[in-house]
Each structure stands twice: as C-alpha cells, then as structure tokens.
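What follows is a short report on a single structure.
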2 protein chains.
Amino acid sequence: MPKYDDELDAVLRALADPTRRAVVERLAKSPAVVSELAAPFSMALPSLMQHLCVLDNAGLVTSQKHGRVRTVSLRPGALDLLHLWLGEQRTPAEHQADQLGIHMTHTTPKET
Amino acid sequence: MPKYDDELDAVLRALADPTRRAVVERLAKSPAVVSELAAPFSMALPSLMQHLCVLDNAGLVTSQKHGRVRTVSLRPGALDLLHLWLGEQRTPAEHQADQLGIHMTHTTPKET
C-alpha cells in the first residue's frame, strides 16, 4: 500500500520532533492563533512557520487566515492513520490481554 | 519531559520508514531469524542490519544469537510510549465520541 505508506512516513516524520509534537498537543485542546502557538517556544516566528508547514504537508493541521490573524487547527482525524497502524501491531500476547480485559469488563460487578 | 521526548523522537524516527515498519509488522506476529526478515526485501543483508540497528536503538526490537543464527523479537511494550502519547492527543470532540461509545456499550442490550 504505497500511498498509505507515504502518508504514514510523512505523519511519523512530522511527529518525530518535540516542537511539532508540542504544537499538536496544544492544538488537540483547541485551535490557536500563530502567535499563541509561538509563545511557549524561544524560536523565531519563521522557524515556527516552517514547523507548521511540515505539519500541514503531513495532513496533521490546517489553517485559516482572517485579516492578519492566522488560526491553526488540528485536522479532524489527523492521527487516525497512525492509530490504525498501531492497532494492527498488537502482538498475540497483547490481543490475549485485550480479550481478558473485555472478559473482566463483562463479568466484574459494577461498583456503584 | 526531555527523556520521554528523546525516546519518542527515536521511536517515531525509527518508524518513519516503510522497511522498518514492515519489519515491526512482521515481528508483531512472532520473533523471526534475520534471513527470514530479509526475505521479502530486495536489499543487501548489511542494509537490513542497519535498519534493525535503528529499531534496536529506539528500543523497539531486541535480538539473541544462538550459534550463527540471530533471532529478532519485538520488545514487549515496544509501542506503549507511542500509544500513550497518541491517547493523550484525543480532541474534546473525540473524547465526547468515546464517552458516547462507552454509554452505548453500557446501555445497548447484548445480542446473544
């Protein structure tokens, strides 16, 4: 699945940087304007814009400009591809543990 | 959390390559000897060994040599850090959807 592979490459490479992950962590809470995103980092605005560009190219964020203010959002379902891939890598032992967890949920009396 | 960040950087960089992801996918099923891992790829053994080295340095795989045969395994809990980080990035809308899913599980009569 080369397209899926390319997209996953881009997502993983984009996230393999602590600044870009911090931006994603911030945007998971709510959209933010660029100056607000830049505030926690001691970096020039052009460097932050480059990071945002990498996240945008990987399909992780999207942005809209109203007048002079650019608002950046996490793209809905941005991390779904990575979730999906990770889910597929459950080992047989982990599957067994999952099943046990499901069994426990269905058989343990609810505490009220 | 710089150590957590460094580990996550290494894991994401290691996985941002389709060959290394294919190796992880194979190892999620069961441990494998190096020649078996190399078989699906048209690459020289030293190149595959380099990929395995990157996965090892990221804490994703481990290997044991018995005589001339090296067996590689996925390290237990290898992807937990990434699972954890991804889980923390659920958006408010996704949390709401999760809660709805849990509610449905608890209120929908079980089909037998």
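The values are calculated or read from the model by the stated rules, or taken from the named source; none is laboratory data. Keep in mind that this is a model prediction, so the values were computed, not measured. For neighbour counting, all protein chains shown are included, and Cβ atoms are generated from backbone atoms with ideal geometry for every residue, glycine included. The protein model used for the area step is the full one, side chains on, heavy atoms only, and it has no ligands, DNA or RNA in it. Shrake-Rupley method; radii C 1.70, N 1.55, O 1.52, S 1.80 Å.
Candidates in segment A:1-20 are the residues that are of a type in the set (D, E, K, R) and closer than 15 Å to A:Asp56 by Cβ; of these, the one that is nearest to the other protein chains (Cβ to nearest Cβ) is A:Arg13. Is segment A:14-27 home to any residue that is in a loop (DSSP other than H, G, I, E, B) and among the hydroxyl-bearing types (Ser, Thr, Tyr)? Looking through segment A:14-27, none of the residues is in a loop (DSSP other than H, G, I, E, B) and among the hydroxyl-bearing types (Ser, Thr, Tyr). Of all residues in segment A:80-95, those satisfying the criterion of being aliphatic (A, V, I, L, M) and more than 7 Å from chain B (Cβ to nearest Cβ) are A:Leu81, A:Leu84, A:Ala93. State whether the residues of segment A:43-52 include one that is buried (at least 18 other Cβ atoms within 10 Å of the Cβ), closer than 19 Å to B:Glu88 by Cα and modelled with pLDDT of 90 or more. No, because not a single residue in segment A:43-52 is buried (at least 18 other Cβ atoms within 10 Å of the Cβ), closer than 19 Å to B:Glu88 by Cα and modelled with pLDDT of 90 or more.
Checked against (1) farther than 23 Å from B:Leu15 by Cβ; (2) under 18 Å from the mean Cα position of the chain (by Cα); (3) modelled with pLDDT under 90, A:Ser63 passes all but a single condition, namely (3). Of all residues in segment A:22-34, those being more than 7 Å from chain B (Cβ to nearest Cβ), under 12 Å from the mean Cα position of the chain (by Cα) and open to solvent by less than 50 Å² (accessible area, probe 1.4 Å) number 3. Quick one: which residue in B:Leu37, B:Leu12 is open to solvent by less than 40 Å² (accessible area, probe 1.4 Å) and under 13 Å from the mean Cα position of the chain (by Cα)? The match here is B:Leu12. In this structure, does A:Leu60 turn out to be under 19 Å from A:Glu7 (Cβ atoms) and either surrounded by 16 or more Cβ atoms within 10 Å (Cβ to Cβ) or touching a residue at least 40 places away in the same chain (Cβ under 8 Å) (or both)? The answer is yes for A:Leu60. Determine whether B:Leu37 is under 28 Å from A:Ala78 (Cβ atoms) and either at pLDDT below 95 or in contact with a strand residue (DSSP E or B) (Cβ under 7 Å, 6 or more places away or on another chain) (or both). No.
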